[in-house]
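The values are calculated or read from the model by the stated rules, or taken from the named source; none is laboratory data. The model shown is predicted, which means the values in this text are computed figures rather than measured ones. When the accessible area is computed, the model is the full protein with side chains, heavy atoms only, and any ligands, DNA or RNA have been set aside. Shrake-Rupley method; radii C 1.70, N 1.55, O 1.52, S 1.80 Å.
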Amino acid sequence: MSTNSSTVGQLLLQGSACISWKQDVEGAVYHLANCLLLLGFMGGSGVYGCFYLFGFLSAGYLCCVLWGWFSACGVDIVLWSFLLALVCLLQLAHLVYRLREDTLPEEFDLLYKALYLPLQVPLQTYKEIVHCCEEQVLTLATEQTYAVEGETPINRLSLLLSGRVRVSQDGQFLHYIFPYQFMDSPEWESLQPSEDGVFQVTLTAETSCSYISWPRKSLHLLLTKERYISCLFSALLGYDISEKLYTLNDKLFAKFGLRFDIRLPSLYHVLGPTAAGAGPESEKGDEEVCESSVSPPQGTPTSLQQTAPCSPSPAATNLPAPPSRARMSRPDSGILEIDDFPLISPFGFSGKVAAGRMP
């Protein structure tokens with residue numbers, strides 16, 4: 001240990017091994033090479049940071065090659081600088097190849113940024129979803145039908161990329177489908193994977209439209225295999241169906257002119273006693289009868305008072321029968337009447353309302 005320390009001390013005392021320092025400085029190429037290397041090592045992370053880093057390092061080491069060839073006249077300087085420049089150029093070529101491999105068509109890239117990127121879906125997972133639809137963008141001409149009521153089988157799930165689609169039933173307009181909305185999400189959720197069915201509505205393109213479509217069997221296979229993608233589609237489809245329901249709610253009015261909410265409790269109270277003919281006056285009369293039956297007679301001791309149960313009104317107990325399927329011709333308006341809808345229970349929608357479509 002003492003021997004090593006004495007050797008290091010002698011080297012420090014002896015100073016530099018250089019006998020004489022050069023009086024003139026190196027040329028401009030040498031200083032340019034060092035400036036480029038300095039800028040290169042200041043690069044950040046990520047793909048573009050790597051482009052910045054290896055781009056400046058390649059230029060800096062190429063300048064070192066020129067300096068070693070023309071000024072320093074050193075074979076080792078030229079060889080090492082050339083080797084380092086070659087490695088940096090190969091790394092740049094690899095980055096370009098990876099970027100071209102990860103590049104998606106314009107339509108799918110816009111879809112990813114609009115719908116999947118806000119949900120922080122990994123790009124590799126998105127590629128599996130795109131691969132399931134075979135990366136094909138389909139088109140619809142103006143007034144071309146995507147599905148016909150009672151005829152088109154439910155064998156796919158489609159997402160609108162551009163344009164506008166009109167949804168109608170029996171010639172009555174229901175709502176529109178806009179870009180980045182599913183075209184047949186209610187139909188998809190209404191059937192089990194092993195079931196078959198047909199559309200209950202007609203979907204017609206009002207403008208030139210483009211969309212992507214997943215085959216039903218292929219998408220079910222992907223959802224069964226990938227749990228994360230299954231949860232992702234479940235959330236997207238649920239949100240899409242709720243948007244369609246609340247779009248219909250904007251057109252839904254009671255006969256007495258008051259718009260009601262589509263959420264279950266308030267909708268049930270409107271369609272229950274009121275639809276059976278019990279208007280506000282009859283409801284108020286029922287409340288007065290209940291109050292009179294509950295109030296005890298005067299002069300009766302409090303200890304002997306017994307509260308008579310308030311019997312429900314016949315309108316509240318006897319729910320109205322579901323309306324017949326025959327539809328009356330209606331004017332071309334955006335208002336849907338109450339009687340056009342099937343009966344709704346307080347625990348969930350029945351009939352087509354559960355599938356997200358209202359007639």
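Taking Cα centroids, how far is segment 81-125 from segment 195-218 in Å? Using only Cα atoms to place each centre, the spacing works out to 32 Å. The accessible surface of segment 86-125, taken with every protein chain in place and a 1.4 Å probe, is 59 percent carbon and sulfur. Average projection, convex hull of the Cα set of segment 106-256: 9.7 square nanometres. Each residue of segment 218-224 was assigned a 3J(HN,Hα) from its phi angle through the Karplus curve 6.51 cos²θ - 1.76 cosθ + 1.60 (θ = phi - 60°); the sequence is 5, 5, 4, 5, 5, 5, 5 Hz, with glycine and proline shown as x.
Amide H to amide H, with H built 1.01 Å from N, residue 198 comes under 5 Å of 154, counting only residues 5 or more places away or on other chains.
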